[in-house]
Structure formats: structure tokens, C-alpha cells
1. With Val58, Val25 as the choices, which residue is part of a helix (DSSP H, G or I), farther than 24 Å from Lys110 by Cα and open to solvent by less than 100 Å² (accessible area, probe 1.4 Å)?
2. Report the residue count in the range 40-52 for those that are in contact (Cβ under 8 Å) with a residue 40 or more places away in the chain, more than 18 Å from Gly89 (Cα to Cα) and either open to solvent by 50 Å² or more (accessible area, probe 1.4 Å) or β-branched (Val, Ile, Thr) (or both).
3. Take Asn7 and tell me if it is without any contact (Cβ under 8 Å) to a residue 12 or more places away in the chain and either closer than 25 Å to Ile127 by Cβ or assigned to a helix (DSSP H, G or I) (or both).
4. Please go through the range 61-89 and pick out each residue that is open to solvent by 60 Å² or more (accessible area, probe 1.4 Å), assigned to a loop (DSSP other than H, G, I, E, B) and at negative phi.
5. Going through Asp11, Asp16 one at a time, which residue ends up being over 26 Å from Asn103 (Cβ atoms), of a type in the set (Asp, Glu) and open to solvent by 50 Å² or more (accessible area, probe 1.4 Å)?
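The values are calculated or read from the model by the stated rules, or taken from the named source; none is laboratory data. Because the structure is a prediction, the values reported are computed rather than measured. Here Cβ is always computed from backbone atoms with ideal geometry, including for glycine, and neighbour counts include all displayed protein chains. Note: areas computed on protein heavy atoms with side chains; ligands, DNA, RNA excluded. Shrake-Rupley method; radii C 1.70, N 1.55, O 1.52, S 1.80 Å.
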Amino acid sequence: TEQRTNNLIQDLALTDKKITILDSVQSEIFWEDTRALKVFSKNQKNILRAVVPASETVNLINRLKTFHPNYFIDWGGSLIWLELDYLSGQKIDQIRKRILDANGYLTVIKSPENIKSSSEIFTIDPIKFKISQNLKKSFDPKRIFNPGKMYTGI
């Protein structure tokens, strides 16, 4: 684990940055609070979650540096929590493109209401979208439950 941590620090050019490495007890508490979104409850910033293959993490973070995010890396590198000061529909689209290029997907966790209503909150590839659409049709053919909540048109 120490070698992997050192490799990440080198690969992400973090040697001069503030880094916190948690022991196992701290880590368990922190990640449970992160998954439950407690970590972000008092945070006024925008929160995005990217899931990518661990082999793409370093490349993706380097490609996202232009947005100046703070980030947490979870799941051995496959889950990246991004914290941004400013977010717009255009910025979400640019971030989503970079994440899709890394074979991942994006979920907008916390953003201004106008962004939530004008931009897709979840990123999904066309095949998974079609599967979701068919599931929705079979369980809710009259589109009564949560119309358009996850994806426009579902």
C-alpha cells in the first residue's frame, strides 16, 4: 500500500501539496461519511462523482486539473469525488467528456438547482441508457414514478 501511495503521489505531482493519508479506523469513518454524503453536508461547493477504471485515474485527474478541483480518491482509484467552486452546464459537459473518454461515468451529486434542471445529472452510455429505458417501461409503463428524475426521457 505504501508503494502504491508513493506512486500516486509521484504520478499526480503531489509532492508539494497537502496530502492526508488516513489510518484504517479514520479511513473507515471518513469513507462511510463520504458515501452517506455527510462529509459534504455543510459544504457550499459543487460535488461530482466519477467512476473510472483504476488504470485511468491518474490520466483523468491530470485532464481535470484545468478545472482546479479538490478531489478524494476511493475504491483503490476507481471512484473520484470532485469538489468545484463554480459549475455550469458547459463545465459539466466538458468534465463528462473527459470522464467518458476515460471509460467512466459521472454523477452530479450537488450543484445549483438551475444546473440540475438543465443538465443530465447522470452520465450513461447509450447501451446502458436503453437498458434503463426498457426497465422503466416494464415497471412503470405510464411513467408515474419519478419522471425524468434520473435521465431526460425516462
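1. Exactly one of Val58, Val25 is part of a helix (DSSP H, G or I), farther than 24 Å from Lys110 by Cα and open to solvent by less than 100 Å² (accessible area, probe 1.4 Å), namely Val25.
2. 2
3. yes
4. The answer is Asp85, Tyr86.
5. Result: Asp16 is the single residue among Asp11, Asp16 that is over 26 Å from Asn103 (Cβ atoms), of a type in the set (Asp, Glu) and open to solvent by 50 Å² or more (accessible area, probe 1.4 Å).
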